[in-house]
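Contents: one structure, followed by commentary.
Computed from the coordinates by the stated procedures, all read-outs in this text should not be read as laboratory data. Note that the coordinates shown come from a computational prediction; the quantities given were computed from them, not determined experimentally. So basically every Cβ, Gly included, is an ideal-geometry build from the backbone, and we count neighbours across all protein chains shown.
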């Protein structure tokens, strides 16, 4: 006795199985974390070291190279890259795919040890280690908070430091799930700007002042006093500098019995003075920016709620006159997208239930397929929890599609049981008999749709693989549970609800409609089988169009999605002072402020974020203008065009665009980077220029240009050792004078007051340091304590150098930015660039795609190969089920036609002047799901036709009857699936385009694919099947 027969005779057992799934599913659902994307542990580590005022060459030689040398021994590092620019060294370590958390912890400890052992300049800032996890919640899950006003009676910088360090940061950092918490500008400092004239008047050197300040701000441990009963610690504490006024009144020297204070020879202020200085304006007012993001494995949604609550609390406690605002909150956009999917699930459940009722005609009978929905969805939640997965945009999308799928098996069971009720036997017996005829088909369809995703789990671990796997496991488990319900609960309910069942007038009309439809279909099918050339011509035409449609759909990881942000990235002229950028950006900020669609604006000039002379503009639209995204893109197009037209001429390399949260690797101008290595930078630039000219003449390339130029202006100062020896001046004294009077020297200890720690910098007055004529007013003491003018001791040469020195795996490289022809596949661009390089470059040089570009290309290739493997795997499964190689071919013949039609439909429906549909993760998910759905139709027809052949019917008679008998369940299951996917067409927010892609493929592909199945499968059966 089979399980189905046991459940039919013992319906309590069937109900217990389903109720158990419901109960465990509810428990699993309540404990599943809510994420925007699946959690992927693929970390990268960024090490940043600042050395105020240092040139790119000095940064590269004194900081980047020593660190790279030490870090080469760190295990599990897949790729190491670095950039050395004015004042900042940045090293990025990307780790191997599949690294475990324990292995990463060990590597992180090794990184810290190697950094500690590196010989770095004494006046360099402490290395900052930032851990990022691209592709999971990543840098996109973040919150940007701006403090834009402070009480009038308070120092701006002191207030900012106090609020951030003593209030906001500690409270945010202790919240569960908190990760990076950074302020820009990073932290205020104490800057002592020396007056060289006054120093000369009092015969003081910068070193004299530095020594006195360091001794006055340093606490010294003197040990302890021990007596018979206690031990008392002794600390020499400098109480004279517990506020800024007291440090200004430090006694530096005495002249004629008069104290000379620090304030007499220098200006002392608190402010943002280091290389991490930034000019940030929010809504037109000077501001600081706080950038918050969740930790690697935290739920950004729950973290965002906690931060919002804490933000409201901190804001309510601020003194009168201060203002704190949230400039940008991507977590809120994630929450909106997830909420919309939950709403879509509810709408889809209602829609599928209604269409089931419409097709079946009786409310009580419509419950049979409808009750499978909560059982399958919650049962899948149980498995997701056991596997350690989460509820995210991919698993929830699988649930949306599963709703239309999981009712299919129950509908087929019910429809078949109804047909068998006319045999005159008892309901239980006829239900058992009906189930025996479709048991194979039920399990065949269930296994095929679930098994199509199996090859995905053999893909090398990557972002795309993990995303597809979570979708696949969610959908597959839901379908497998639906198969279990279809052979347990559904037949048990049929045996109960079909007793004494009388057809209503509506059912009779419905039956009459399907009888007429079946007759018409049978006539058309008979004509089509006799005139095979018509469908064969359609088949050939569609297949022939496949290269064209694939050429019109660029391959990317994910479709473009927008959260309402307009971004402008611009470059000020070389050597532009940071404060000057405010003046340059005012016309563009005014355009944003005056625009009725823009709610918030900001401009940022910050070297740690953007590099030297980089400027970023930011405009956030009101949320009511974001949906649909087409409306947002139309508004953004007009706004960006106006900003480009009215930008000051001094701003070069200006790019204004709506921010794509799924931005693929590349540059703001849509160019892609290729790295040339193998020689010195000078030789690399020469060869790169040759490559650029060759690429400009390539038909696949719109433009090519160097990513780096020798346009960084610098003064190269060298000691005149002969003159220094003649005047008896020690070289160390010359270097110290240059550091203090031209650069800035950081004191070895910090300055503490008001609960905050400040770095102390000694340097020149910025108003005086407009050129190097200041050297004529600086004096250095020689061995005889006589003053020697500094300009006599140095040679000065003005030169241009690279603005940024880039390295990959320790080797210097030059970037070539290539803009491909519109619509050109990435693989074709790489072939074109590689071909030019191979025919141009001398031996020893190497030109290859940027690391992220290589990674994307490898993932795209893998995704395509694995998709083909999925189709092959289905074929093999069907071959095993049918014990034939012909039958799977007949069943799957309509799959390519359905996919081609779906892609053409997606292109025509979604393509607009502002949006280009793509072949991406979501469209591939839709294609694989579609392949499984279409194969179900072929299974129903082919299996029934095979059984009729065994009854001595001819091939044509068998397939004609099988197709006409299976017409109603095929149409019913197709209608529920299509109706289940239609709500995705109305998606809005940051997942709008991805949801619409899947909806297009499922709705169009399934509609036309069903027609193909009803005609192409019978014709193929007649052509290839022999009795």
Cβ-based exposure ranking for 533, 527, 443, in which fewest neighbours within 10 Å come first: 533, 527, 443
Kindly provide the pair-distance distribution of the stretch 294-414 built from C-alpha pairs, with 5 Å bins from 0 and whole-percent values in order of increasing distance. 2, 9, 15, 15, 13, 11, 9, 7, 7, 5, 3, 2, 1, 0, 0
Between residue 429 and residue 947, what's the calculated FRET efficiency when r is the beta-carbon distance and R0 is 35 Å? Round to 0.05. 0.95
Name the shape class, rounded, prolate or oblate, that the alpha-carbon gyration tensor gives for the stretch 424-542, where a ≥ b ≥ c are the square roots of its eigenvalues, rounded holds for a/c under 1.5, and otherwise prolate holds if a/b is larger than b/c and oblate otherwise. oblate
If r is the Cβ-Cβ distance from residue 791 to residue 173 and R0 is 56 Å, what FRET efficiency results, to the nearest 0.05? 0.65
Span per principal axis, largest first, for the Cα atoms of the stretch 530-576 (Å): 79, 25, 15
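When a footprinting reagent is the concern and you count Cβ atoms within 10 Å, what order do 36, 851 take, fewest first?
851, 36
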So for each of 927-940, 54-67 I average, over its residues, the number of other beta carbons within 10 Å; can you give me the resulting order with the highest mean first? 927-940, 54-67
Expressed to two decimals, the chain has a Cα Rg over Rh, using the Kirkwood radius, of 1.08
Go from 0 up to the bin containing the longest alpha carbon distance in the stretch 382-487, width 5 Å each, and give me the % of pairs per bin. 2, 12, 19, 19, 15, 11, 8, 6, 4, 3, 1, 0
Between the modelled labels at residue 437 and residue 103 (7 Å from Cα along Cα→Cβ) the distance in nm is 5.6 nm
Rank the residues 901, 1022, 494 as a footprinting-exposure proxy: fewest other Cβ atoms within 10 Å of their Cβ go first. 1022, 901, 494
If you average the alpha carbon positions of the stretch 797-841 and of the stretch 1-68, how far apart do those two centres end up, in angstrom? 35 Å
Here the FRET efficiency for residue 889 versus residue 295, based on Cβ atoms and R0 = 41 Å and rounded to 0.05, is 0.20
Packing-based order for 553-561, 842-850, 916-924, 400-408, using average beta carbon neighbours within 10 Å, highest first: 400-408, 916-924, 553-561, 842-850
On full extension of the chain, what length is gained from residue 663 through residue 113, given 0.36 nm per residue of separation minus the C-alpha to C-alpha distance? 194.5 nm
Between residue 10 and residue 523, with labels modelled 7 Å along Cα→Cβ, what's the label distance in nm to one decimal, could you check? 5.2 nm
For the stretch 481-523 and the stretch 994-1027, what is the separation of their C-alpha centers, rounded to whole Å? 23 Å
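Looking at the chain, what % of its DSSP beta bridges pair antiparallel, to the nearest 5? All intermediate terms of the calculation are to be shown ahead of the outcome.
Working: 119 of 126 bridges.
Taking every DSSP beta bridge with both residues in the chain, the antiparallel ones total about 95 percent.
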Could you give the length gained on full extension between residue 502 and residue 261, defined as 0.36 nm per residue of separation minus the Cα-Cα distance, in nm? 76.2 nm
How would you order 92-103, 683-694, 465-476 from highest to lowest mean count of nearby Cβ atoms within 10 Å? 465-476, 683-694, 92-103
Taking only C-alpha positions in the stretch 879-1027, Rg and Dmax in angstrom work out to 17.2, 60
Convex hull over the alpha-carbon atoms of the stretch 431-481: what's its volume per residue in Å³? 57 Å³
Using only the alpha-carbon atoms, how far is helix 851-882 inclined from the longest principal axis of the chain? Give it as 0 to 90 degrees, nearest 10. 20 degrees
In units of 2.2 N^0.38 Å, what is the alpha-carbon radius of gyration of the stretch 43-132? 1.05
